[in-house]
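The values are calculated or read from the model by the stated rules, or taken from the named source; none is laboratory data. What you are looking at is a predicted structure, and each value in this text was computed from that prediction instead of being measured. Because the Cβ atoms are built from the backbone with ideal geometry, glycine has one as well, and the counts that use them run over all protein chains shown. All accessible areas refer to the heavy atoms of the entire protein, side chains included, with ligands and DNA or RNA removed. Shrake-Rupley method; radii C 1.70, N 1.55, O 1.52, S 1.80 Å.
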Amino acid sequence: MDTKAKKILINTFWTSSGWKDEKITDTKDFEYAKSKGVMFEKITIDHEELGEKLLKVYDKIDKQQVVDFFIASLTSRKLEYRSFLSSFAIARVFKTHKFQSTDYKICKNCGIYNKGKTEYDLNVLNFEKIKWGGVRFSSIEYVLFDLEQIEKITNVKPTKEDYEILENIKNVIINLPQEERPRQLEKKLSKVFKSNINERENILNILGICGILETEDQKGFYNNFIPYNEREDRPVNKTDWSYPVDWWQGKFGINKEAWNYYFG
């Protein structure tokens, strides 16, 4: 990734104090970052077009390529590689459908806001992807954008150390005491590989979306696409976790079928 273009993107949205109130990019800087594939023009697309486009992009994606990106990120800490896995998992079970409105004008099947033409800012999605490894993992607009980036990146191959870390992550998960939750798991993973709290949270959230970390009642996106209105929030005042991993406890272990599908 071009270093200058990356800096332009990040400086558009972020300062040392956090999010900028005014997110303005100098025209020349924007054109430079766009020429490097780091910033983008806004897109306007409707609900059905977005779903159809997602499936077309998914059909071109190789599962092993996505898995390799995820595993290789464990030592490289290239955060932008990680959410390819959860985006692939969602797209794999996604089906086109008619917009089914809720009281809040959100499709109760996929969670897309508004049936008609809607403008999306791809730059904020890419900013979140580069800075934190992604935020809106289950948002269909993010899933589409994320998978579209794969063809721009040279394939990578995980190292022996990457595979060892992956196996150690698995061992920590399956040996977690039954009543412990994702926060206890996250803390124990801090001893397994170099990472910060946000990185470990994102990895666990991604494993949840893939159906590896799920419960008997709150399933991930392995066998089926989980409709937006069925992704229950755990009844707590505050949480750092996404559906379904927020519900997970050590007693549920891992979904071995899903683990083997992705990691063999």
Starting from one equal scatterer on each C-alpha and no solvent at all, send me the Debye-based log10 I(q)/I(0) for region 28-117 at q = 0.10, 0.11, 0.13, 0.26 Å⁻¹, two decimals. -0.38, -0.46, -0.63, -1.15
Give me the dipole magnitude in Debye, nearest 20, for region 12-153 about the Cα centre, with unit charges on the beta carbon: positive for Lys and Arg, negative for Asp and Glu. 360
So, counting K/R as plus one and D/E as minus one, what does the shell of residues with Cβ under 11 Å around residue 14 add up to? +3
If I take every Cα pair under 8 Å that is 6 or more residues apart in the chain, average their sequence separation and divide by the length, what percent do I get for the relative contact order? 21
Lys and Arg at +1, Asp and Glu at -1: add these up for the other residues within a Cβ distance under 12 Å of residue 45 and post the number. -2
Determine the share of the chain's accessible area contributed by carbon and sulfur atoms, expressed in whole percent, with a 1.4 angstrom probe. 45
Would you mind working out the accessible area per residue for the chain, using a 1.4 Å probe, and quoting it in Å²? 52
Kindly provide log₁₀ I(q)/I(0) values, in the same order as q = 0.20, 0.30 Å⁻¹, from the Debye equation applied to equal alpha-carbon scatterers of region 214-260. -0.69, -1.27
Per the charge dipole of the chain (beta-carbon charges, Lys/Arg positive, Asp/Glu negative, Cα centre), the residue among 227, 11, 127 reaching farthest to the positive end is 11
Using a simple charge model, +1 on the beta-carbon of Lys and Arg, -1 on the beta-carbon of Asp and Glu, nothing else, what dipole does region 122-162 show about its Cα centre, in debye to the nearest 20? 120
Farthest toward the dipole's positive end in the chain, which of 178, 25, 195, given Cβ charges of +1 (Lys, Arg) and -1 (Asp, Glu) about the Cα centre? 195
Rounded to whole Å and sorted largest first, list the principal axis extents of the Cα atoms in the chain. 53, 42, 38
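Report the local net charge at residue 241: Lys and Arg +1, Asp and Glu -1, summed over other residues whose C-beta lies under 11 Å from its C-beta.
Values: positive: 181, 183, 234, 238; negative: 186, 201, 233, 240, 246.
Every neighbour counted, the sum reads -1.
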Estimated distance in nm for a label pair at residue 23 and residue 223, the labels positioned 7 Å out from Cα along Cα-to-Cβ: 3.8
Can you give the Kirkwood hydrodynamic radius for region 133-197, in Å, rounded to one decimal and based on Cα pairs? 14.5
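What number, in percent, do you get for the relative contact order of region 99-218 if the mean sequence gap of Cα pairs under 8 Å and at least 6 apart is divided by its residue count?
On the way: 68 pairs, mean separation 19.1, N = 120.
Value for region 99-218: 16 percent.
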Arranged from highest to lowest average of other beta-carbon atoms within 10 Å per residue, in what order do the peptides 148-157, 128-137 appear? 128-137, 148-157
Region 91-141 shape via C-alpha gyration tensor axes, a/c threshold 1.5: prolate
With an 8 Å Cα cut-off and a minimum separation of 6 or more residues, compute the relative contact order for region 14-106 in percent. 27
